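Undergrad: Just passing along the structure, written as structure tokens.
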């Protein structure tokens, strides 16, 4: 790890690199990656990470049990990536998470039109105000997310949101750090079709195996199930986790929520 840290520090685009517990934490200016936007797109981030892995492998800077685990966004002037020794077997298993209604309660930002369609303009307007976004609250499943993260599973976000700067900032501020974020990115597809395409592309490109998926919508859960994920209804799971004991769950069933 020290060898890799020194290698990174020698690179002129690297702001800092330090060893912290089992991690190397390194920051790089966004101007090197993206000059068009304040924050880095998923595609740019993925390309940079892929190129970094090639350099690390070519320079023989990592041992067989060390690899890039995840990327954290810092949306001011830099992004931060972390490198950690991980359990390769656990890292091959993918846990997929929805955001809204699963890990985050953002219902205060929702408004529906007279025809019951979601008012996307209203959602977008509220997403641009960080004070409003910070009124979102974390749901009980976050505790499970953190436990799986600490265990070393690959965790991805699969959301119908068109992720914006404030969305990434909220995730970072609340410790919701994913290995990959798959989002709408201007697609007009229905949620379940969008997620099907995103998951297919991810599993095709990455050497990963479907493991578990959490979502609050049944049609999305059917999509995850079709790819081999073991699915969990987020509404039920959040109600289950907020109860003090299993004895209080007698009135709750997945079909009742």
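Taken together, the values in this text are just the output of simple stated rules run on the coordinates, not laboratory data. Not measured: the values here are computed from a predicted model. Ideal geometry is used to build each Cβ from the backbone, glycine not excepted, and the neighbour counts take in all protein chains shown.
Undergrad: Criterion first (touching a strand residue (DSSP E or B) at 6+ places or on another chain (Cβ under 6 Å) and without any contact (Cβ under 8 Å) to a residue 40 or more places away in the chain) does residue 137 satisfy it?
TA: Judged against the criteria, residue 137 is a match.
Undergrad: For the range 107-143, what are the residues that are buried (at least 16 other Cβ atoms within 10 Å of the Cβ) and out of contact with any helix residue (DSSP H, G or I) (no Cβ under 7 Å at 6 or more places or on another chain)?
TA: Listed by number, the list holds a single entry, 142.
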